[in-house]
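Since the structure comes first, as structure tokens, the remarks are kept for the end.
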Amino acid sequence: MPVTNYVELAGHLEHIPWITGLLYKLAVVSVEQQNFEDLAIQRYEKRKEEGSKRRDLFHYFTNEEGLEEMEVSRDQCLNEVFASIFAGGDTTSTVLGGVFFHLLANPSVLDRLRKEVDSEFPSGEGEPFDAVKLAGMPYLNAVINETLRLQPAVATSIQRTPVEGSGGKVIAGRWMPESTILYVPPYVLHRDSRYFSPSPDSFIPERWLDTIDGEGHRFTTDTSAFIPFSAGPANCVGKNLALLEMRMVVATMVQKFDMKFAARYDPRKWEEDLQDFFVMKVGKLPVVLNVRE
Ligand code: HEM
């Protein structure tokens, strides 16, 4: 089962959390939950049996080097495995889908990115896996930021609450009693012209690099309103890993392949197909790949 189905379920349950315990007892819902857990447990068992071949997340979850004094139980480790698959899988892959959609829909952007990739990682001189170099590539990072702005993987569901015992809080001029759930939807902030202009709904990576657009308008790019990984002490713990993964995948694909939309694909479908559950769901993106000469 694709993990996406479980994400969809979570997208419903987050609005009616009090019903979750009851619903999980009903087979129709438990199947989704069970399938997801089975997948995670299967991966856990396989990896535990094979041991570490490299220092990846699992290597640290299981304390294989003994760096932590604490013994990590099977349940604790499984918890981390569930969280990583759930929080790190569909988030990264849907944003990557968005990056390739926007590159193919904007050939001049793909051309400019290709020039940058070819100059930093010339073909035949190794894979584009140097993390420091990738982090310093302005256009690559502008393309990823611009996709995260228009298509944040968590579009709405960043929740916060005045904690119990705080007596409540005034937020944006309104009184919020304690335990009130507040949403700070990145999708809405990211398309607000007070923070991103001109053309907040358009894909323009240059807004992350230049101060003036091609027609002489001044860009407003307010990074304090850019929260695809949320903000504050409980922000995304996987942010740096996700950015590294995306930089590597995008640079590799651009270095190695010519790409175009498959025949008969209507690019208008991409935005139409976006669905906001807990994590954004994307539609199909049929693409033709040819190895570059
Ligand atoms: C493009 C990829 C990703 C995006 C856009 C993203 C975004 C987010 C957001 C918005 C949150 C909510 C934070 C909050 O409530 O303030 C979050 C939490 C979290 N993310 Fe990510 N994430 C991504 C990839 C990853 C990866 C690769 C991992 C780990 C393998 C990961 C692990 C987590 C965990 C464990 C949390 C919960 C943190 C907590 O509650 O303390 N994420 N992520």
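Any idea how many residues of region 203-244 are within 16 Å of the ligand (Cβ to nearest atom), among the polar types (S, T, N, Q) and open to solvent by 70 Å² or more (accessible area, probe 1.4 Å)?
Within region 203-244, residues that are within 16 Å of the ligand (Cβ to nearest atom), among the polar types (S, T, N, Q) and open to solvent by 70 Å² or more (accessible area, probe 1.4 Å) number 3.
Looking only at region 133-147, which residues are in a helix (DSSP H, G or I) and open to solvent by 10 Å² or more (accessible area, probe 1.4 Å)?
Here is the first cut: in region 133-147, the residues in a helix (DSSP H, G or I) are 133-135, 138-147.
Scanning region 133-147 gives Lys133, Ala135, Pro138, Asn141, Asn145.
Can you give me the ranges of the helices (runs of 4 or more DSSP H) entirely in region 1-98 with at least 1 residues that are among the small types (Gly, Ala, Ser)? Explain how you work it out, then say what you get.
Numbers: elements: 3-13, 20-24, 27-50, 57-61.
Those helices (runs of 4 or more DSSP H) span 3-13, 20-24, 27-50.
Evaluate the following for Thr20: is it β-branched (Val, Ile, Thr) and either at pLDDT 90 or above or under 14 Å from Tyr6 (Cβ atoms) (or both)? Lay out the reasoning, then the answer.
Values: β-branched (Val, Ile, Thr): yes; either at pLDDT 90 or above or under 14 Å from Tyr6 (Cβ atoms) (or both): yes.
So Thr20 fits the description; yes.
Of all residues in region 32-56, which are under 13 Å from Arg74 (Cα atoms) and open to solvent by less than 90 Å² (accessible area, probe 1.4 Å)?
Ala40, Ile41, Tyr44, Glu45, Arg47
Looking only at region 252-284, which residues are touching a Ser or Thr at 6+ places or on another chain (Cβ under 7 Å) and closer than 18 Å to Ser108 by Cα?
Applying the first criterion (touching a Ser or Thr at 6+ places or on another chain (Cβ under 7 Å)) to region 252-284 yields 255, 276, 278-282.
Matches in region 252-284: Gln255 only.
Given the options Val143, Val117, name the one that is within 16 Å of the ligand (Cβ to nearest atom) and within 25 Å of Phe203 (Cβ to Cβ).
Working: Val117 fails: within 16 Å of the ligand (Cβ to nearest atom).
Selected residue: Val143, the only one of Val143, Val117 that is within 16 Å of the ligand (Cβ to nearest atom) and within 25 Å of Phe203 (Cβ to Cβ).
Yes or no, residue by residue, for (1) touching a Phe, Trp or Tyr at 6+ places or on another chain (Cβ under 7 Å); (2) closer than 30 Å to Thr180 by Cβ:
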{"position": "Ile16", "(1), (2)": "no, yes"}
{"position": "Leu22", "(1), (2)": "no, yes"}
{"position": "Gln33", "(1), (2)": "yes, yes"}
{"position": "Arg54", "(1), (2)": "no, no"}
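Could you list, in sequence order, the residues of region 245-256 that are of a type outside the set (A, V, I, L, M) and open to solvent by less than 50 Å² (accessible area, probe 1.4 Å)?
Keep residues of region 245-256 that are of a type outside the set (A, V, I, L, M), which gives 245, 247, 252, 255-256.
Correct list: Arg247, Thr252, Gln255.
So Pro128 fits all but one of (1) open to solvent by less than 40 Å² (accessible area, probe 1.4 Å); (2) in a helix (DSSP H, G or I); what number is the exception?
(2)
Could you please find all residues in region 80-106 being within 10 Å of the ligand (Cβ to nearest atom) and not hydrophobic (A, V, I, L, M, F, W, C)?
Glu80, Ser84, Gly88, Gly89, Asp90, Thr91, Thr92, Ser93, Thr94, Gly98
Looking at Phe278 and the list (1) at pLDDT 95 or above; (2) open to solvent by less than 70 Å² (accessible area, probe 1.4 Å); (3) within 16 Å of the ligand (Cβ to nearest atom), which single condition is not satisfied?
So Phe278 meets the others, but not (1).
The values are calculated or read from the model by the stated rules, or taken from the named source; none is laboratory data. Small disclaimer: the values here were computed from a predicted structure and weren't measured. Note that each Cβ is placed from the backbone with ideal geometry, even for glycine, and that neighbours are counted across all protein chains shown. Just the protein is used for accessible areas: all its heavy atoms, side chains included, with ligands, DNA and RNA removed. Shrake-Rupley method; radii C 1.70, N 1.55, O 1.52, S 1.80 Å.
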